[in-house]
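The values are calculated or read from the model by the stated rules, or taken from the named source; none is laboratory data. This one's a predicted model, so the numbers in the text were calculated from it and none came from an experiment. Here Cβ is always computed from backbone atoms with ideal geometry, including for glycine, and neighbour counts include all displayed protein chains.
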Amino acid sequence: MKVTFEINGTAKSVDVEPRTLVVDLIRTKLGMTGTHIGCDTSNCGACTVLLDGRPVKSCTLLAPMLEGKKVTTVEGLAKGGKLDSIQVGFHEEHGLQCGFCTPGMMLVGKALIEANPHPTEDEIRWGISGNICRCTGYMNIVKAIQHAAAANATENTAGVA
Amino acid sequence: MAVETAEATEAARQAMGGIGVSLARKEDARFIHGQGHYVDDVVLPGMLHMVIVRSPHAHARIKGIDSTAAMAIPGVVAVVTGELLAQHKLAWMPTLSGDTQAVLATDKVRFQGQEVACVIAETKYIAEDAAALVSVDYEPLQAITSPQQAIAPGAIVIRDEKEGQTDNKIYHWEAGDKDATDAAFARAAKVVSLETFYPRCHPAPLETCGCVADLDPVTGNATIYMTSQAPHAHRTLFAIVAGLPEEKIRIISPDLGGGFGNKVPIYPGYVVATAASLLIGRPVKWIEDRTDNLISTGFARDYYMDGSVAIDENGKFIGLRVNLLSDNGAFFADAQPSKFKAGLFHIVTGSYDIPAAHIVANGAYTNKAPGGVAYRCSFRVTEASYFIERLVESAAVELGQDPVTIRLNNFIQPEAFPYQSASGFEYDSGDYPRAMQVALDMLGYDELRKEQAEKRAKGELMGIGVASFTEVVGAGKGKDYDIAGLRMFDSAELRVHPTGKAILKLGVKSQGQGHETTFAQIVAEELGIPASDVEVREGDTDNTPFGLGTYASRSTPVGGAATAMVSRKLRDKGKLIAAHLFEADVADIEFARGKYNVKGSPDNVKTIQDIAFAAYTNLPDGLEAGLEGVTYYDPPNMTYPFGTYLVVVDIDKGTGQVKVRRVVAVDDCGVRINPMIVEGQIHGGLTEGFAIAFMELITFDDEGNCIGSNFMDYLIPTAWETPRFELGQTVTPSPHHPIGAKGIGESATVGSPAAFVNAVIDALSHLGITNIDMPLTSDKVWAALRSKGVTE
């Protein structure tokens with residue numbers, strides 16, 4: 001069947017078996033391999049993408065569910081060669097090691113601070129608790145998200161001024 | 001030599017990105033853009049997909065396999081069975097511990113999840129559909145699910161295909177001195193014993209294992225993209241197992257999504273995908289799903305340990321006895337140096353000056369997955385460290401001593417290094433009392449003990465756990481330590497281009513440890529080329545020198561040493577070129593931080609970049625052109641990182657729930673190359689230690705069904721459960737390592753489980769609770785409390 005949606009700002013219309021998982025559609029059909037698969041039970045969050053701005057685990061969605069939706073993957077974070085603040089935060093605070101959970105973590109973190117620009121540490125920890133990282137122990141991921149939140153706040157203040 | 005002020009030295013080091021600088025990671029760029037390149041991202045023209053049909057039984061005879069229905073599905077290319085592999089002599093393969101392992105089962109299945117057949121199809125979805133239709137006729141047999149059952153007389157023989165194997169025993173191994181230990185126990189004033197079980201867990205890297213095998217039928221070239229922590233060793237083993245010419249095999253281990261030991265062994269899936277690609281003439285991709293990964297690949301631990309410490313009238317430890325029974329699963333496939341059947345478990349004397357020790361280890365086959373990898377530790381050091389730290393806790397309780405006091409009273413003293421341990425290790429350096437003191441100060445130990453006493457008086461449960469671990473990492477030396485005969489050296493090849501920029505190629509392989517940054521920093525420090533100008537390459541056997549790979553915290557101790565040594569080689573060659581350029585005697589040339597000068601003329605310098613250019617453009621007569629070299633480094637000894645971890649817990653009497661209040665971790669890994677990366681490693685290790693202590697468990701029911709076969713049953717901590725960590729450090733350089741570094745990747749996983757468990761026991765020991773086996777889930781703690789009559 002044909003499914004039409006937008007991914008990282010580009011309109012797509014693809015022929016796909018209805019049973020195709022969105023994560024497989026993104027990785028295999030679209031060749032965007034930044035979205036990862038880490039489990040089969042929607043526990044790990046490595047496949048997280050934003051669907052109309054909300055983080056979802058793309059292994060729990062079937063391709064037809066994308067119809068008319070807007071998808072953001074890690075490949076859509078940097079714009080015009082400029083890194084998103086969440087990407088800067090992860091780099092500056094050593095919020096990644098093997099990099100496998102990183103795309104999902106960054107997208108969850110980005111959605112989190114967009115909904116709650118000044119999260120507490122507990123709010124961040126709760127907010128990312130649908131995503132597993134095996135390497136970092138989360139301390140620096142929390143810092144990375146705080147870093148991005150602080151950068152966004154500064155930028156917004158600068159904008160107002 | 002030109003005189004530098006301390007400030008100038010530090011400024012130069014920062015600018016260069018040398019040792020001690022928390023340089024942001026060079027490798028981050030691709031990962032934060034989603035451009036990491038993992039095995040599952042490899043797509044080749046004509047590539048097929050493979051799915052493995054696995055046994056639902058733990059122990060059963062195979063009476064027949066019918067793949068007719070599977071083959072009838074459009075898009076299915078082949079169903080590979082053990083029978084087919086047997087025709088090519090590939091149904092069995094050697095393991096890293098000198099045993100054999102079924103690639104695809106022919107006679108029996110011996111654990112749930114064992115590989116029985118492989119379906120190869122045009123897409124993964126088709127392969128999954130077809131795999132469900134492969135019909136295997138099994139005759140179930142009794143399953144053996146513990147080593148105690150396995151070695152009991154009359155137990156059904158799991159490995160009945162092995163000639164001469166009439167029971168389920170695998171090995172018997174001893175270390176230390178029995179007579180001296182018996183004598184110590186004979187004169188002991190007190191003997192304290194502990195029996196404990198370190199249960200089976202799994203490294204579970206977020207990326208599962210897999211490969212893309214691409215065998216070109218025309219050229220015979222075999223390119224295998226593979227989740228490999230040891231690509232060179234794997235190439236050689238592939239050559240031996242599959243009979244492929246080694247020069248035609250190229251293993252590429254691209255970005256790895258974590259490893260933690262899970263990606264050290266060779267798994268049947270790699271072998272079948274390779275054989276299938278050869279037989280079909282198209283590339284074949286095999287990627288595990290999470291259940292495949294948890295039920296069939298390298299597990300960890302599963303050690304039953306009991307032992308005693310003999311203590312004299314002054315409270316000094318004078319002897320240690322440990323008996324170990326290991327559950328190795330259906331095939332003895334432990335990844336460990338070949339001379340040591342229980343890995344480096346005999347480091348079990350730990351941080352203590354115990355003059356006599358005797359370790360007896362026995363291994364048994366069970367109907368469980370094989371593997372026996374060291375989940376973030378150096379060959380069973382974790383089990384050893386856990387045992388001795390738990391035993392010392394028991395001794396403190398029985399002697400009525402503070403757990404800190406008993407440790408300080410028995411530590412190997414700083415002046416005793418190099419220290420010869422009773423079980424045969426030569427500890428390189430250490431200062432255990434200092435690490436302990438730093439940790440106590442950070443925690444505010446005395447205050448917390450007062451708080452604990454007050455709480456206890458009110459009936460509240462609070463505990464402080466202490467663990468002072470010593471690791472042994474960084475194998476070899478090669479003469480004593482080998483993997484399947486391959487000596488455990490490692491390598492670095494450094495090539496400085498005419499413009500003074502360098503490529504460093506390594507025999508080790510990062511799985512997230514940040515090698516591209518850390519190793520560039522070693523070159524920066526030694527050769528004065530900024531870390532930003534050093535590109536680090538790993539993981540491609542065609543383009544890196546032979547090395548044994550990354551596990552057992554050996555990258556920095558061995559590969560890092562090789563990097564320092566090859567840098568020094570080039571530095572020395574640079575002196576010859578500098579002498580030529582200065583028209584001076586080479587004996588008069590000095591080098592500091594990337595600059596050469598003639599003695600007495602510190603201001604007239606040639607930079608390493610000048611020298612590199614001259615190496616290709618303006619050489620002295622008779623000197624070979626270029627500025628490159630390779631070093632194979634065989635370490636003279638292993639390194640011995642250590643530290644003290646302190647944990648504070650509060651326990652809810654009503655629910656048994658343990659709340660970790662504080663974790664203080666003081667690590668001494670010698671010289672820290674990139675402190676930021678080191679701390680990241682410690683955070684990760686502490687989290688995995690916490691996970692093992694409280695959550696992660698692979699267990700089995702009586703029929704051998706694996707409980708823990710997905711992330712709903714095998715519990716990995718999220719940010720919500722994971723405690724906050726407070727890190728401290730001491731620095732005791734390794735005297736034999738060129739830059740004094742010891743390795744840090746695994747210390748925290750080795751040291752922390754005992755600290756967590758000791759904290760819980762410390763909260764409960766006054767009630768008469770002296771041991772609870774991990775994981776310390778609420779129900780176990782609750783049951784222990786109830787057994788002592790404690791209610792709300």
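The condition of being basic (Lys, Arg) and in a loop (DSSP other than H, G, I, E, B) holds for only one of B:ARG376, B:ARG390, that being B:ARG376. Looking for something under 21 Å from the mean Cα position of the chain (by Cα), surrounded by 22 or more Cβ atoms within 10 Å (Cβ to Cβ) and over 30 Å from B:ALA587 (Cα atoms) - is there at least one such residue anywhere in the range B:531-540? Checking the range B:531-540: at least one residue is under 21 Å from the mean Cα position of the chain (by Cα), surrounded by 22 or more Cβ atoms within 10 Å (Cβ to Cβ) and over 30 Å from B:ALA587 (Cα atoms). Among the residues making up the range B:252-269, those that are touching a residue at least 60 places away in the same chain (Cβ under 8 Å) and away from every other protein chain (no Cβ under 14 Å) are B:ILE252, B:VAL264, B:PRO265, B:ILE266, B:PRO268, B:GLY269.
More than 9 Å from every other protein chain (Cβ to nearest Cβ) and either under 13 Å from the mean Cα position of the chain (by Cα) or within 18 Å of B:HIS37 (Cα to Cα) (or both): is that true of A:ILE113 in this structure? Steps first, answer last, please.
Details: more than 9 Å from every other protein chain (Cβ to nearest Cβ): yes; either under 13 Å from the mean Cα position of the chain (by Cα) or within 18 Å of B:HIS37 (Cα to Cα) (or both): yes.
Here the answer is yes, as A:ILE113 does meet what is asked.
Applying a threshold of 7 Å to beta carbon distances and a minimum spacing of six or more residues, or different chains, the list of pairs starting in the range B:674-699 at a residue that is surrounded by fewer than 24 Cβ atoms within 10 Å (Cβ to Cβ) and ending at one that is at pLDDT below 95 and hydroxyl-bearing (Ser, Thr, Tyr) is empty. Scan B:ALA578, B:ALA584, B:ALA520 and give me the residue that is more than 14 Å from chain A (Cβ to nearest Cβ), of a type in the set (Gly, Ala, Ser), in contact with a strand residue (DSSP E or B) (Cβ under 7 Å, 6 or more places away or on another chain) and assigned to a loop (DSSP other than H, G, I, E, B). It is B:ALA584. Within the range B:395-442, being crowded, with 21+ Cβ neighbours inside 10 Å, of a type outside the set (A, V, I, L, M, F, W, C) and out of contact with any helix residue (DSSP H, G or I) (no Cβ under 8 Å at 6 or more places or on another chain) holds for B:TYR427, B:ASP428, B:SER429.
Checking each residue in the range A:52-72 for being within 12 Å of another protein chain (Cβ to nearest Cβ) and under 20 Å from A:ASN152 (Cα atoms) picks out only A:THR72. Taking the criterion of being in contact with a strand residue (DSSP E or B) (Cβ under 9 Å, 6 or more places away or on another chain), among the charged types (D, E, K, R), over 26 Å from B:ALA60 (Cβ atoms) and crowded, with 24+ Cβ neighbours inside 10 Å, would at least one residue in the range B:212-221 satisfy it? Yes. Of the strands (runs of 3 or more DSSP E) entirely within the range B:33-119, those holding at least 2 residues that are within 14 Å of another protein chain (Cβ to nearest Cβ) and either crowded, with 24+ Cβ neighbours inside 10 Å or in contact with a strand residue (DSSP E or B) (Cβ under 9 Å, 6 or more places away or on another chain) (or both) occupy B:48-54. Residue check: A:LYS12 meets all listed conditions (1) free of Cβ contacts under 8 Å to residues at least 40 places away in the same chain; (2) more than 13 Å from B:GLY34 (Cα to Cα); (3) surrounded by 21 or more Cβ atoms within 10 Å (Cβ to Cβ); (4) in contact with a strand residue (DSSP E or B) (Cβ under 8 Å, 6 or more places away or on another chain) but one, namely (3). Residues in the range B:183-201 that are in contact (Cβ under 8 Å) with a residue 24 or more places away in the chain and out of contact with any helix residue (DSSP H, G or I) (no Cβ under 8 Å at 6 or more places or on another chain): B:ALA183, B:ALA184, B:PHE185, B:ARG187, B:ALA188, B:ALA189, B:GLU195, B:PHE197, B:PRO199, B:ARG200.
Under 22 Å from the mean Cα position of the chain (by Cα), surrounded by 24 or more Cβ atoms within 10 Å (Cβ to Cβ) and on the phi < 0 side of the Ramachandran plot: is that true of B:VAL647 in this structure? Spell out the reasoning first.
On the way: under 22 Å from the mean Cα position of the chain (by Cα): no; surrounded by 24 or more Cβ atoms within 10 Å (Cβ to Cβ): yes; on the phi < 0 side of the Ramachandran plot: yes.
So B:VAL647 fails the test.
Among the residues of the range B:88-117, write down those that are over 31 Å from the mean Cα position of the chain (by Cα) and modelled with pLDDT under 95.
At the first step, the residues of the range B:88-117 found to be over 31 Å from the mean Cα position of the chain (by Cα) are B:88-89, B:106-108.
Scanning the range B:88-117 gives B:HIS88, B:LYS89.
Of all residues in the range B:549-568, exactly one satisfies the criterion of being surrounded by fewer than 24 Cβ atoms within 10 Å (Cβ to Cβ) and in contact with a strand residue (DSSP E or B) (Cβ under 8 Å, 6 or more places away or on another chain), namely B:MET565.
If the condition is being assigned to a loop (DSSP other than H, G, I, E, B) and more than 31 Å from the chain's Cα centre (by Cα), then the range B:123-143 contributes B:THR123, B:ALA132, B:LEU133, B:VAL134, B:LEU141, B:GLN142. Check the range B:35-42 and report whether any residue there is closer than 30 Å to B:VAL678 by Cβ, at pLDDT 95 or above and in contact with a helix residue (DSSP H, G or I) (Cβ under 6 Å, 6 or more places away or on another chain). Yes: the range B:35-42 contains one or more residues that are closer than 30 Å to B:VAL678 by Cβ, at pLDDT 95 or above and in contact with a helix residue (DSSP H, G or I) (Cβ under 6 Å, 6 or more places away or on another chain). For first residues located in the range B:204-224 and more than 28 Å from A:GLY99 (Cβ to Cβ), partners that are charged (D, E, K, R) and lie 6+ apart or on another chain with Cβ distances below 6 Å form the pairs B:GLY220/B:LYS248; B:ASN221/B:LYS248. Screening the candidates B:THR223, B:THR227, B:THR236, B:THR297 for the property of being hydroxyl-bearing (Ser, Thr, Tyr), more than 14 Å from chain A (Cβ to nearest Cβ) and closer than 21 Å to B:LEU48 by Cα yields one hit, B:THR223.
Output the residues belonging to the range B:460-482 that are crowded, with 24+ Cβ neighbours inside 10 Å and aliphatic (A, V, I, L, M). Once the filter is applied, which keeps residues that are crowded, with 24+ Cβ neighbours inside 10 Å and aliphatic (A, V, I, L, M), the range B:460-482 yields B:ILE464, B:VAL466, B:ALA467, B:VAL472, B:VAL473, B:ALA475.
If I filter the range B:349-358 for residues that are outside the structural domain of B:SER423 (by TED's automatic domain parsing) and closer than 30 Å to B:ARG110 by Cα, do I get at least one hit? Looking through the range B:349-358, none of the residues is outside the structural domain of B:SER423 (by TED's automatic domain parsing) and closer than 30 Å to B:ARG110 by Cα.
Just the residues that are among the β-branched types (Val, Ile, Thr), within 44 Å of the chain's Cα centre (by Cα) and within 16 Å of B:VAL496 (Cα to Cα), please, taken from the range B:580-631. Result: B:THR607, B:ILE608, B:ILE611, B:VAL630, B:THR631. Out of all the residues in the range B:133-178, which are in contact with a helix residue (DSSP H, G or I) (Cβ under 8 Å, 6 or more places away or on another chain) and without any contact (Cβ under 8 Å) to a residue 24 or more places away in the chain? Listed by number, the residues that qualify are B:ALA155, B:ASP167. A residue that is over 26 Å from A:THR20 (Cα atoms), without any contact (Cβ under 8 Å) to a residue 12 or more places away in the chain and more than 10 Å from every other protein chain (Cβ to nearest Cβ) cannot be found anywhere in the range A:84-107. Of the residues that make up the range A:29-41, is at least one among the acidic types (Asp, Glu) and without any contact (Cβ under 8 Å) to a residue 60 or more places away in the chain? Yes, some residue in the range A:29-41 is among the acidic types (Asp, Glu) and without any contact (Cβ under 8 Å) to a residue 60 or more places away in the chain.
Can you confirm whether the range A:44-63 contains a residue that is crowded, with 22+ Cβ neighbours inside 10 Å, at positive phi and of a type in the set (Gly, Ala, Ser)? Yes, the range A:44-63 contains at least one residue that is crowded, with 22+ Cβ neighbours inside 10 Å, at positive phi and of a type in the set (Gly, Ala, Ser).
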